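Here the structure is laid out as structure tokens; the discussion comes afterwards.
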Amino acid sequence: MNPVKHVAIIMDGNGRWGLKYKNSRNAGHKEGLNTVEKIIKETIKNKIKFLTLFAFSTENWKRPKKEINYLFNLLENFLENRISDLNKQNIKLKIIGLKNFSTNFNRLLSKSEKKTSKNSKLQINLAINYGSKYEIINAFKNLQKKKETINEKSFEKYLLTKNIPDPDILIRTGGTTRLSNFLLWQLAYTEIFFERKLWPEFNNNDYSRIIKKFKKIKRNFGSI
Ligand code: FPP
């Protein structure tokens with residue numbers, strides 16, 4: 001049985017769900033947050049140590065301003081209202097992405113990380129303004145500056161996921177089968193599960209089914 005240390009999720013399909021049931025893409029994002037809460041609980045139940053959630057990509061800035069503002073309000077409220085409880089539950093929050101937001105939002109992100117930094121039950125990596133190609137180029141530039149020997153180990157020290165094991169499982173909901181510039185380096189040997197369901201419809205049973213299936217996979221890592 002394969003142990004599961006790290007699950008990463010591309011939470012796709014909020015917009016379509018919102019349009020279909022509430023005539024509003026933003027309503028889908030709101031509903032998507034409920035799925036986030038459920039999946040956090042289930043991750044803890046399964047004793048998984050790392051959960052990485054793709055909340056906003058470097059390409060999502062191309063969306064209408066109204067949707068971007070809604071998403072950032074949702075994130076802000078989540079951090080303001082939920083961080084104390086996450087902290088009580090011994091959950092550590094780490095932001096991965098380019099932290100070049102407004103001073104207030106940057107401050108909220110740093111405060112949330114600092115408050116939970118000593119926690120050890122589960123680490124949630126929230127990918128906000130995250131793009132894998134940027135991350136890789138940036139890591140390479142930093143490595144070059146330090147004139148260090150270039151190998152996988154030295155390179156990984158400069159990734160935003162430094163000290164985080166590579167994901168065992170990647171889940172993408174929403175029916176599309178692409179990686180959308182998410183953790184391109186880290187997913188080299190990850191088992192990928194593409195789900196038809198839209199993120200607001202994804203539930204604990206779907207999650208458990210994936211974990212169960214993963215545990216039985218023969219992982220070769222290039223061997224036989
Ligand atoms: C992709 O669906 C989803 C996003 C870009 C945002 C994800 C955000 C949340 C689930 C809520 C906030 C999360 C946290 C962790 C506080 P889409 O809009 O691309 O859907 P579509 O493919 O149907 O258009």
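Can you tell me which of Ile91, Ile164, Ile169 is open to solvent by less than 10 Å² (accessible area, probe 1.4 Å) and more than 16 Å from the ligand (Cβ to nearest atom)? Reasoning before the result, please.
Numbers: Ile91 fails: more than 16 Å from the ligand (Cβ to nearest atom); Ile164 fails: open to solvent by less than 10 Å² (accessible area, probe 1.4 Å).
Selected residue: Ile169, the only one of Ile91, Ile164, Ile169 that is open to solvent by less than 10 Å² (accessible area, probe 1.4 Å) and more than 16 Å from the ligand (Cβ to nearest atom).
Taking the condition more than 13 Å from the ligand (Cβ to nearest atom), in contact (Cβ under 8 Å) with a residue 40 or more places away in the chain and not aromatic (Phe, Trp, Tyr), does Leu75 pass? Give the derivation first.
Working: more than 13 Å from the ligand (Cβ to nearest atom): no; in contact (Cβ under 8 Å) with a residue 40 or more places away in the chain: yes; not aromatic (Phe, Trp, Tyr): yes.
Considered against the rule, which asks whether it is more than 13 Å from the ligand (Cβ to nearest atom), in contact (Cβ under 8 Å) with a residue 40 or more places away in the chain and not aromatic (Phe, Trp, Tyr), Leu75 comes out as no.
Search the range 103-123 for residues that are among the aromatic types (Phe, Trp, Tyr) and pair each with any residue that is at pLDDT 95 or above when their beta-carbon atoms are under 8 Å apart and the residues are at least 6 apart or on different chains.
Pairs that qualify, where the first residue is among the aromatic types (Phe, Trp, Tyr) and the partner is at pLDDT 95 or above, are Phe105/Phe72; Phe105/Glu76.
Just checking, how many residues over the range 181-210 are within 22 Å of Thr161 (Cα to Cα), out of contact with any helix residue (DSSP H, G or I) (no Cβ under 7 Å at 6 or more places or on another chain) and open to solvent by less than 50 Å² (accessible area, probe 1.4 Å)?
So in the range 181-210, the residues within 22 Å of Thr161 (Cα to Cα) come out as 181-193.
Remaining after also requiring out of contact with any helix residue (DSSP H, G or I) (no Cβ under 7 Å at 6 or more places or on another chain): 186-190, 192.
When the remaining residues are screened for being open to solvent by less than 50 Å² (accessible area, probe 1.4 Å), the result is 186-187, 190.
Of the residues in that region, 3 qualify.
Suppose we filter Lys65, Lys30 for residues that are over 30 Å from Ile211 (Cα atoms) and either within 13 Å of the ligand (Cβ to nearest atom) or open to solvent by 60 Å² or more (accessible area, probe 1.4 Å) (or both); which single one remains?
Details: Lys30 fails: over 30 Å from Ile211 (Cα atoms).
On inspection, the qualifying residue turns out to be Lys65.
Do any helices (runs of 4 or more DSSP H) lying entirely in the range 100-215 carry at least 3 residues that are of a type in the set (Ser, Thr, Tyr) and farther than 19 Å from Asn60 by Cβ, and which ones are they?
Details: elements: 103-116, 132-145, 152-156.
By residue number, 103-116.
Within the range 44-62, restricting attention to residues that are among the aromatic types (Phe, Trp, Tyr) and open to solvent by 20 Å² or more (accessible area, probe 1.4 Å), which residue is nearest to the ligand (Cβ to nearest atom)? Spell out how you get there, then give the answer.
Step one: list which residues in the range 44-62 are among the aromatic types (Phe, Trp, Tyr), which gives 50, 54, 56, 61.
Subsequent filtering for residues that are open to solvent by 20 Å² or more (accessible area, probe 1.4 Å) retains 50, 54, 61.
On the way: Phe50: 15, Phe54: 7, Trp61: 11 Å.
Looking at residues that are among the aromatic types (Phe, Trp, Tyr) and open to solvent by 20 Å² or more (accessible area, probe 1.4 Å), I get Phe54.
The values are calculated or read from the model by the stated rules, or taken from the named source; none is laboratory data. This is a predicted model, so every value here is computed, not measured. Reconstructed Cβ throughout: ideal geometry from the backbone, glycine too, with neighbour counts over all protein chains shown. Only protein heavy atoms, including side chains, enter the accessible area calculation; ligands, DNA and RNA are left aside. Shrake-Rupley method; radii C 1.70, N 1.55, O 1.52, S 1.80 Å.
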